[in-house]
Amino acid sequence: MEIAAGLYRNVIAAGAPIQSAYAQLLDQNRGNAGLSTLYGELDLLSVAGVRSNLDALAPNHLPIQNDIGIASTDVMSNFIRDRIGRVTGGEMGGTIATYGRPLQMASLALNTIAGDEVRTDTGTAMAVKDGAVAEDVSVFLAGGYVDGRGSGLPTATPGGRSDFDGYYVIGGAEKAFVDGSFIGFALGYSDLDGTARNTVAGASGRLIQGSFYGAGALSDAFSLDLQASAGQYRSTTARIVPVGGLVQTLASRDNATSFTAELGASYQAGSDSFAVTPRIALRYGYLGFTPTAETGGSAALRYDLGQFESLQGRAGLTAKVKSGAVRPFVTVNYVHEFEDRPAVFGANFAAGSPGLGGNVAFALPATDRNWFETGAGVTVGGDNFNASVAGETTLGRSDVRTLAVRGTLLWRF
C-alpha cells in the first residue's frame, strides 16, 4: 500500500485567510526536511482538526509588537511636547521640575531588568522646586503609567483587541538664553507588556532613546519649537500553539531603530493669571524592524515587519490657570495621519531550508486617519506643598488607544 500526501488547500474552510496562508506554507514546504515533526502531526488530523489547528497558529503576537512600539514613541514625543509648552509658558530659570516619583520609577526599571515583575500607576504631573540650579538651567525627572489597547490580528479566529500596559522614566536638562529661546536634552526609557485577547500570545517592548529639543521666541507671544529623538526599540514575543498532539512555545526577539521629529509653532494669549495657547505641528515617526526568526518548534516563523512610518499634522490648544492655590488646565489636540502603515507582512517557516517557495502574506491592522488627544488636570497647593492629578487619552482612534493617568505630590523644605 502506498500513501500519498494531499494538499492542505483542499481541506481548509472557504473565506478563512489564516487557514489559507498556512495551507500555502504547508503545501509549498512539503519537501522541507526540517519540518518533519510539523507534517507528522498535522497530516494525521481530520478535516475539522486541520482547520482548527491552522487557525490556532495565527501570529497574534505581531500586532502587539507594533502597537507597543507606536505607543512608546508617542508617549515620549507627547511628553517632550508638553515639556516644551511648560518652558515656553514661563516655567524655566532656577527650577527643578519633578514629574511623578522618579526615584521609585528608576528602582522599578532596575527591578525589571533583573527579571522582577512590576506594575505601577505612579503619575507624571509636574511640580517645580525653585532655586535648585543656575537661573538659566532647569533639570527634570519624570515617571508615568500607560494603559493601552491594540487592534489585534485581522482575520484571526477567534479575534479580539489586544491589551498592553507599563511605565516609563525620563530625565533631562534645559538651558535658557537671554533672547527667550532654550535648548534641552532628555534620556528616556519605557517598558510595556501586552497580550492578545482570546489567545496565549504576547509581546514586550522596551524603548531607550535620547531626545534633543528646544524653542525660539519670535515675539513676546509667538514661538517655534523643535524636537528630535532617536533610539532603539527592543521587543520580545512569545506564544503557545498546538501542533496536532504537541504544544510548542515559540519566541522571538528584535531590535528596531526608532526616530521621531516634530516641528511646531505656538501663540500664547491671555494674562498673568490665565493663558490660552493654540499650537500647530508636524510630527514624523519611524520604526525600522529587522528580519526575525522565532525559535522553539517546527511551527516557528521567519518574518519581516518592515518599516513603519508616520507623518502627522497636529492642531490644538492648551488652556490653563497660571496663579492661585488651585490651577486647572485642559489640552485638546486634533491629529491627522498622512502615511499608510504596512497592510501585510511576509512570513515563512523558520526551520529547514529555510522555508521553500517564498513568503506568504498575513494582514496587519488598518491605519487610522483622524483622532483627538485630550488631557486635563489640576494642581493644588502652594510654595511648600502641592499635589497634581491629570489624565490624557485618545478619542476616536481604533488602531492604537492609550490612556495615561498622572499624579504627583511635592514637598518643599
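The values are calculated or read from the model by the stated rules, or taken from the named source; none is laboratory data. Note that the coordinates shown come from a computational prediction; the quantities given were computed from them, not determined experimentally. Backbone-built Cβ (ideal geometry, glycine too); neighbour counts: all protein chains shown. Keep in mind that these areas ignore ligands, DNA and RNA; they rest on the heavy atoms of the full protein, side chains included. Shrake-Rupley method; radii C 1.70, N 1.55, O 1.52, S 1.80 Å.
Regarding Tyr267, is this residue among the aromatic types (Phe, Trp, Tyr) and at pLDDT below 95? For Tyr267, the condition - among the aromatic types (Phe, Trp, Tyr) and at pLDDT below 95 - is met. Of all the residues in segment 300-315, those that are exposed (fewer than 15 other Cβ atoms within 10 Å of the Cβ) and touching a Pro at 6+ places or on another chain (Cβ under 9 Å) number 2. Of the residues Phe212, Phe182, the single one that is open to solvent by 60 Å² or more (accessible area, probe 1.4 Å) and aromatic (Phe, Trp, Tyr) is Phe212.
State whether one or more residues within segment 330-352 are among the basic types (Lys, Arg), on the phi < 0 side of the Ramachandran plot and more than 20 Å from the chain's Cα centre (by Cα). No.
Number of residues in segment 253-299 that are surrounded by 21 or more Cβ atoms within 10 Å (Cβ to Cβ) and either closer than 25 Å to Arg30 by Cβ or without any contact (Cβ under 8 Å) to a residue 24 or more places away in the chain (or both): the value is 4. Selection of segment 187-213 for residues being without any contact (Cβ under 8 Å) to a residue 60 or more places away in the chain and either within 23 Å of Ser266 (Cβ to Cβ) or among the hydrophobic types (A, V, I, L, M, F, W, C) (or both) yields Leu187, Val200, Ile208, Phe212. Filtering segment 1-60 to residues that are outside any helix (DSSP H, G or I), over 19 Å from Arg302 (Cβ atoms) and open to solvent by less than 60 Å² (accessible area, probe 1.4 Å) leaves Gly6, Val11, Ile12, Ala13, Ala16, Leu45.
Reported count of residues in segment 316-351, each being open to solvent by less than 60 Å² (accessible area, probe 1.4 Å) and under 28 Å from Gly288 (Cβ atoms), is 13.
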